[in-house]
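Have a look at the structure below before the remarks.
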Amino acid sequence: MHLTSPEALKRLKSQLVRQRKENKSVITVCAGTGCVACGCAAVSAAFREALKENHLEEKVEIKTTGCHGFCERGPLVVMRPEGIFYQRVKPADAKQIVEKTIKQGKVIEKLLYRDPQTKQLLTYEKDIPFYNKQERLIFGMNGHMDPTSIQDYITLGGYQALGRVLVSVHPDEVIEEVKKSGLRGRGGGGFSTGRKWASCRQAEGEPKYIICNADEGDPGAFMDRSLLEGNPHAVVEGMIIGAYAIGSHDGYVYVRNEYPLAVKNLNIALAAAREYGLLGADILGSGFSFDITVSRGGGAFVCGESTALMASLEGKIGEPRAKYIHTVECGLWEKPSTLNNVETWANVPTIIEKGADWYRKIGTENSKGTKVFALTGKVNNTGLVEVPMGIPLREIIFDIGGGILDGRAFKAVQTGGPSGGCLPESALNLPVDFDTLTEAGSMMGSGGLIVMDDRTCMVDVAKYFIHFLLEESCGKCVPCREGLRQLHEMLEEISRGEGGVGTLDGIERLCSVMEQGSLCALGRSAPNPVMSTLRYFRDEYLAHLEAHRCPAGVCKALINYSVIEENCTGCVVCKRACPAEAITGEKNQVHKINSEICTRCGICLAVCKFDAILVE
């Protein structure tokens, strides 16, 4: 089908909506990467077999969708239109769901979600705190559409914003609407999207390029991946609107090669958009032409930086360049280029469709709209959450996230990826927006949120992120290349209890040099995990240096394991688990740990059910 006008697109949508209303019930099975890893393909196959056995293929549809967000509970199944939510579904459960829920209207309690705080079983998706406290502008379609079906996207209103823009909105008006919305880049920089577009449109030189940054390299982050997997058309539509606004006819999606499902679904979406006349030459008969090429990155973290990404697109080594020349004027192949990340592009159709005034009502004065976060770490409900800007960290972690695992105490949350900062309990009431997080010593970044409990050593956390950045630095500039190496060595010394208080002064001076002298944002923001942990957890650094003790019991050189005699039951579980054979003792007798043999691996602490292992 090739659509030759926006009117033809509207007619198709109306036809598809009528068909859907007349259609059957739908069993939606999450097929994001997390649920794929948990066996959702076998679940879908079991549903098809169960429907066939019960002669219900014509009445009930199986729809595999993108990520629903609640990755901790996968595979996820939602019965629509009722919204019955089943979690951790196995292939063997499919037959029972069909026979009891589909045929008899009964829910299966063992598959329902139990709120960890209230202990209440919840039947409907809308009642689950993980979902009902979110505002899913970008991810809302994920649970309702097959990402490989352009018709599903059109049915839900997709490409309508594009159709309206092409026939009735001047490019300058599009840019002004995006400016007015207050949309800021979601890739970490937080720069005004509308201003960036305006600069590129006004820049001299042809051709102009549109680029989507899908090179998501932050540890624990998977927002862009899930958007491309679950709703690639929203990103494609946003890019086409952006191209129309700045006068571009060539676009690129730079995506990580480690995202095979995202690449697959994106390519399917691009092929379908071309077939329907929504991409390529003479889009919707408007005379405007634009196409998109997919380029796979090699997994270099530094290629998330705009100029390094463009160098990689050109087939060069992914190294950044100095910022005195802006990419909107001299970017890809030295031509004006507009680069935004996946989430930013996905916001554009919603802004155009509902208007800047509507969008501005969401968020704070200087941070508009919603933000998608990857909530991971020591929290009960891990997954993707989309919340309005300005929501307190406490609400994300304790209301949506369900609190800390195993009832442990909260210690810190790291925001903004490896170059972000670690914030303590006193910061939990801070609103999550670009400016507040920066003032607190952290950053919004692309949207990673890693929660830590009281067993986390902040020196070790800083060392982990500095090690990551050390390995990912391109090495082009001295402050970043040598600064990261020295920082890592100094943190290694502290974790061994070596050095003195003067070491911290040296770290702070080194961080200042890196912030001021590094070529790109990787080096300039790299000190954040160190400086934020020093700011909020300095006493922990001092404990390592002065008392030669790791309060969290993590740094091996500073801890010893022993058995608390009154708690030990002699169950021999720790003895059997110890890889160094450092634990002695007979069954039903108190055990002992030989500290000379012990490797401080922590396995005994992990397996003991009686709190009989002391770390000091």
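The values are calculated or read from the model by the stated rules, or taken from the named source; none is laboratory data. Please read these numbers as outputs of a predicted model, since none were measured by experiment. We place every Cβ from the backbone using ideal geometry, glycine too, and count neighbours over all the protein chains shown.
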Residues that are farther than 21 Å from R455 by Cα and not in a helix (DSSP H, G or I), drawn from segment 570-585 | G570, C571, V572, P579, A580, E581, A582, I583, T584, G585
Looking only at segment 135-163, which residues are assigned to a helix (DSSP H, G or I) and out of contact with any helix residue (DSSP H, G or I) (no Cβ under 7 Å at 6 or more places or on another chain)?
-> D152
Which members of segment 449-459 meet the condition of being at pLDDT 95 or above and surrounded by fewer than 19 Cβ atoms within 10 Å (Cβ to Cβ)?
-> D453
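In segment 281-293, which residues are touching a strand residue (DSSP E or B) at 6+ places or on another chain (Cβ under 9 Å) and crowded, with 16+ Cβ neighbours inside 10 Å? Even if it seems obvious, please write down each step before you answer.
First, the residues of segment 281-293 that are touching a strand residue (DSSP E or B) at 6+ places or on another chain (Cβ under 9 Å): 281, 283, 289-293.
If the condition is that a residue be touching a strand residue (DSSP E or B) at 6+ places or on another chain (Cβ under 9 Å) and crowded, with 16+ Cβ neighbours inside 10 Å, then I283, F290, D291, I292 are the ones that fit.
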Within segment 420-436, restricting attention to residues that are of a type in the set (G, A, S) and either buried (at least 22 other Cβ atoms within 10 Å of the Cβ) or outside any helix (DSSP H, G or I) (or both), which residue is nearest to the chain's Cα centre (by Cα)?
-> G420
Starting from residues that are hydroxyl-bearing (S, T, Y) and in a helix (DSSP H, G or I), keep the ones in segment 27-60 and report whichever is nearest to the chain's Cα centre (by Cα).
-> T33
Kindly state which helices (runs of 4 or more DSSP H) lie completely within segment 302-367 and contain at least 2 residues that are in contact with a Phe, Trp or Tyr (Cβ under 9 Å, 6 or more places away or on another chain).
-> 306-313, 342-354
Out of the residues in segment 379-400 that are hydrophobic (A, V, I, L, M, F, W, C) and over 22 Å from N142 (Cα atoms), which is surrounded by the most Cβ atoms within 10 Å (Cβ to Cβ)?
-> V379
Failed condition for I362, given (1) at pLDDT 95 or above; (2) under 29 Å from Y209 (Cβ atoms), with all others met?
-> (2)
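Would you call L510 more than 22 Å from I317 (Cα to Cα), buried (at least 20 other Cβ atoms within 10 Å of the Cβ) and not small (G, A, S)? Break it down stepwise before answering.
Values: more than 22 Å from I317 (Cα to Cα): yes; buried (at least 20 other Cβ atoms within 10 Å of the Cβ): no; not small (G, A, S): yes.
So L510 does not fit the description; no.
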Could you grab me the full set of residues in segment 200-229 that are surrounded by fewer than 24 Cβ atoms within 10 Å (Cβ to Cβ) and either of a type in the set (S, T, Y) or closer than 19 Å to D250 by Cα (or both)?
-> R201, Q202, A203, E204, G205, E206, P207, K208, Y209
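Within segment 259-268, can one find any residue that is surrounded by fewer than 22 Cβ atoms within 10 Å (Cβ to Cβ) and either of a type in the set (S, T, Y) or touching a strand residue (DSSP E or B) at 6+ places or on another chain (Cβ under 7 Å) (or both)? It would help to see each step written out before you state the result.
Step one: filter segment 259-268 for residues surrounded by fewer than 22 Cβ atoms within 10 Å (Cβ to Cβ), giving 260-261, 263-264, 267-268.
Then keep just the ones that are either of a type in the set (S, T, Y) or touching a strand residue (DSSP E or B) at 6+ places or on another chain (Cβ under 7 Å) (or both); that gives 263, 267.
The answer is yes, given that some residue of segment 259-268 is surrounded by fewer than 22 Cβ atoms within 10 Å (Cβ to Cβ) and either of a type in the set (S, T, Y) or touching a strand residue (DSSP E or B) at 6+ places or on another chain (Cβ under 7 Å) (or both).
Let's see how each residue does on (1) buried (at least 16 other Cβ atoms within 10 Å of the Cβ); (2) touching a Pro at 6+ places or on another chain (Cβ under 9 Å); (3) in a loop (DSSP other than H, G, I, E, B):
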| position | (1), (2), (3) |
| --- | --- |
| E515 | yes, yes, no |
| D539 | no, yes, no |
| L542 | no, no, no |
| V554 | yes, no, yes |
| C568 | yes, no, yes |
| K587 | no, no, yes |
| V590 | no, no, yes |
| C598 | yes, no, yes |
| F610 | no, no, yes |
Out of (1) at pLDDT below 95; (2) buried (at least 24 other Cβ atoms within 10 Å of the Cβ); (3) within 22 Å of C330 (Cα to Cα), the odd one out for W197 is which?
-> (1)
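Which residues, taken from segment 1-19, are aliphatic (A, V, I, L, M) and not in a helix (DSSP H, G or I)?
Our first condition is that a residue be aliphatic (A, V, I, L, M); within segment 1-19, this holds for 1, 3, 8-9, 12, 16-17.
M1, L3 - these are the residues of segment 1-19 that are aliphatic (A, V, I, L, M) and not in a helix (DSSP H, G or I).
Going residue by residue through segment 172-179, is there one that turns out to be in contact with a strand residue (DSSP E or B) (Cβ under 8 Å, 6 or more places away or on another chain), over 19 Å from V432 (Cβ atoms) and in contact (Cβ under 8 Å) with a residue 12 or more places away in the chain? Reasoning before the result, please.
Going through segment 172-179, the residues in contact with a strand residue (DSSP E or B) (Cβ under 8 Å, 6 or more places away or on another chain) turn out to be 179.
Next cut, over 19 Å from V432 (Cβ atoms) only: 179.
Pick out the ones that are also in contact (Cβ under 8 Å) with a residue 12 or more places away in the chain and you get 179.
Yes, segment 172-179 has at least one match.
Within segment 142-155, work out how many residues are within 26 Å of the chain's Cα centre (by Cα) and modelled with pLDDT of 95 or more. Please lay out each step first, then the result.
As a first pass, look at segment 142-155 and keep what is within 26 Å of the chain's Cα centre (by Cα): 142-150, 152-154.
The next check asks that each one be modelled with pLDDT of 95 or more; those that pass are 145-150, 152-154.
Summing the residues that are within 26 Å of the chain's Cα centre (by Cα) and modelled with pLDDT of 95 or more in segment 142-155 gives 9.
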Being assigned by TED's automatic domain parsing to the domain that holds G34 and either within 30 Å of the chain's Cα centre (by Cα) or within 19 Å of N231 (Cα to Cα) (or both) narrows G105, G69 down to just G69
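Quick check: is even one residue across segment 438-453 more than 29 Å from F191 (Cβ to Cβ), touching a residue at least 60 places away in the same chain (Cβ under 8 Å) and of a type outside the set (F, W, Y)? Outline the logic, then answer.
Applying the first criterion (more than 29 Å from F191 (Cβ to Cβ)) to segment 438-453 yields 452-453.
Next, only the ones that are touching a residue at least 60 places away in the same chain (Cβ under 8 Å) stay: 452-453.
So of that shortlist, the ones also of a type outside the set (F, W, Y) come out as 452-453.
Yes: one or more hits.
Every residue, every condition in (1) at pLDDT 95 or above; (2) within 18 Å of the chain's Cα centre (by Cα); (3) assigned to a helix (DSSP H, G or I), yes or no:
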residue	(1), (2), (3)
I397	yes, yes, yes
D406	no, no, yes
K411	yes, no, no
P418	no, yes, yes
T438	no, no, yes
